[in-house]
Amino acid sequence: MKTLIKVYTIYAIIILLGMTIISTYGTEVKTITIPELPPYTFFPLNLEKGDKVLGSFSVQGGYKIAFGVAEGNIYSGKWILTMESKSEASFEFTAKEDGAYFLYFNSGGYHEPITVTVSYDIIKPGSTGTLTPPNPLFIVLITIIIVLVISLGFLVYKVRKSKSKAELTTSMS
């Protein structure tokens, strides 16, 4: 019974690892709201020198907004990217230093909150392109193969153990 519990614990760990792999990759997607007052919002990305950010945004309702990226402090930092009057756009930049980079969105004073969907990938130096999530079917297939190999090993162990027990009983008589 204890061996069976150990086997199922190993199965659970393998499945959890597979789920972790699936959730670690992929594009980050955020939905943000630019409030009526103040008519801007921002959020930080903590980057390392050489990290490349590829992204895009889309404004719901067809409104046009200003977009920018600031290195360091949003109020006194260096603006490394600015775009005016866009309802959707793609952007890309590379971190020159370790630290916070702020994605800034300004509605320009519409008298209502505005919803923006932002998606981005962070590409580490030396990688060849954007991170793409592994195919979930591939992860499931690998997980099944690993479970089958462990099950086969467990069955071989049980058969050998019962054979050696039988041989021990026969040699004693």
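Just so it is clear, none of the values below were taken in a lab; they were calculated from the coordinates. Computed from a prediction, not measured in an experiment: that's the story for all the values here. Here Cβ is always computed from backbone atoms with ideal geometry, including for glycine, and neighbour counts include all displayed protein chains.
Quick notes on this structure:
- The stretch 27-123, relative contact order [Cα under 8 Å, separation at least 6], %: 49 percent
- Rg to Rh, two decimals, where the stretch 27-123 supplies the alpha carbon set and Rh follows Kirkwood: 0.95
- Sorted ascending by nearby beta carbons within 10 Å, beginning with the fewest, LEU47, LEU137 become LEU137, LEU47.
- Likely footprinting exposure, TYR157, TYR40, fewest C-beta neighbours within 10 Å first: TYR157, TYR40
- Non-local Lys pairs in the stretch 27-123, i.e. 8 or more apart or on different chains, that have alpha carbons under 14 Å apart: 4
- The packing ranking, built from the mean of other Cβ atoms within 10 Å per residue, places the peptides 92-99, 63-70, 158-165, 31-38 in the order 63-70, 92-99, 31-38, 158-165, highest first.
- Once backbone amide H atoms are built at 1.01 Å from N, ILE65 has SER85, LYS86, SER87 as its partners under 5 Å, excluding neighbours fewer than 5 places away on the same chain.
- Interchain or long-range residues, amide H under 5 Å from LEU81's placed H: VAL69
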